[in-house]
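Trainee: One structure coming up, written as C-alpha cells, with questions to follow.
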Amino acid sequence: MGQKENARRTTDIQARAVGRNIRVSPRKLNLVAQSIRGRKAEDALNVLSFSEKRIARDVKKILQSAIANAENNHDLDVDDLVVTEASVGRTIVMKRFHARARGRGASVEKPFAQITIVVEEKKEEAPTKKVNLSPERRKAEAPKAEAKGEGAKAKAKSKAKPKAKAKAAAKEHA
C-alpha cells in the first residue's frame, strides 16, 4: 500500500554519504570539496586531516561515512576507493539583522549548505613506466629519428624558400 521502492541512484561499485544543513556557505564548502575530488579515499582523508579550514572536519566525517557505507553495505574494498563526486548545494538561509545608526537595520544572511560524497571502487592499473634516456642513448637514438624525419625537413626547407624570395624582393624594391 505504501510507496514503491526507489531505484538506487548509484551503481553497484559506488557508495555515497550526504551531509545536510552544514553551517557554512556553499562557496567555502566547495573549496574543501575541490581538494578531495578525484583522489583516492585514503589521500582525501589525509588532505582533510591537515586542512586548516574549519569545515574540513565535517567533510572528513562525511567521507568516513561514505567509506563505511561502501565497506559495510556494498562490500567494496576500502583500499581501492576513489572519491568520484563531491557535490555541494545550497539549503536554507537564516535571515538576521544588525542594528545600525539612526534606527536602521542591515540584513545578515547566514547560509547553510549540503555535500554529497560518492566513492567508487576502482582497481589500480599497472603504471606505465616513462623511459628517461641518458644523453648517450639520446644521441644513439637521434639518427633513427632523423632518418624518419627527412621528409619533414624537406617540407620545412620548401616553406623557407618563399620567405627568402619575399625578403629578396623587398630588398630590390627598396
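Since every read-out is calculated from the coordinates, none of them should be taken as a lab result. Keep in mind that this is a model prediction, so the values were computed, not measured. So basically every Cβ, Gly included, is an ideal-geometry build from the backbone, and we count neighbours across all protein chains shown.
Trainee: If you go through the stretch 57-77, how many residues are buried (at least 20 other Cβ atoms within 10 Å of the Cβ) and either among the small types (Gly, Ala, Ser) or closer than 22 Å to ASN21 by Cβ (or both)? Working first, answer last.
Mentor: Keep residues of the stretch 57-77 that are buried (at least 20 other Cβ atoms within 10 Å of the Cβ), which gives 59, 62-63, 66-67, 70, 76.
Narrowing further to those that are either among the small types (Gly, Ala, Ser) or closer than 22 Å to ASN21 by Cβ (or both): 59, 62-63, 66-67, 70.
Residues flagged as buried (at least 20 other Cβ atoms within 10 Å of the Cβ) and either among the small types (Gly, Ala, Ser) or closer than 22 Å to ASN21 by Cβ (or both) within the stretch 57-77 amount to 6.
Trainee: Could you check, for the stretch 37-51, whether at least one of its residues is of a type in the set (Val, Ile, Thr), out of contact with any His (no Cβ under 9 Å at 6 or more places or on another chain) and under 14 Å from GLU121 (Cβ atoms)?
Mentor: Checking the stretch 37-51: not a single residue is of a type in the set (Val, Ile, Thr), out of contact with any His (no Cβ under 9 Å at 6 or more places or on another chain) and under 14 Å from GLU121 (Cβ atoms).
Trainee: Taking the stated definitions as given, is VAL83 touching a Pro at 6+ places or on another chain (Cβ under 6 Å) and either β-branched (Val, Ile, Thr) or surrounded by 15 or more Cβ atoms within 10 Å (Cβ to Cβ) (or both)?
Mentor: Here the answer is no, as VAL83 does not meet what is asked.
Trainee: Ok, one more. Within the stretch 89-123, which residues are touching a strand residue (DSSP E or B) at 6+ places or on another chain (Cβ under 8 Å), exposed (fewer than 10 other Cβ atoms within 10 Å of the Cβ) and outside any strand (DSSP E or B)?
Mentor: Listed by number, the list holds a single entry, ARG100.
Trainee: Do you know which residues across the stretch 45-55 are touching a Leu at 6+ places or on another chain (Cβ under 8 Å) and either more than 18 Å from ALA17 (Cβ to Cβ) or surrounded by fewer than 19 Cβ atoms within 10 Å (Cβ to Cβ) (or both)?
Mentor: LEU45, LYS53
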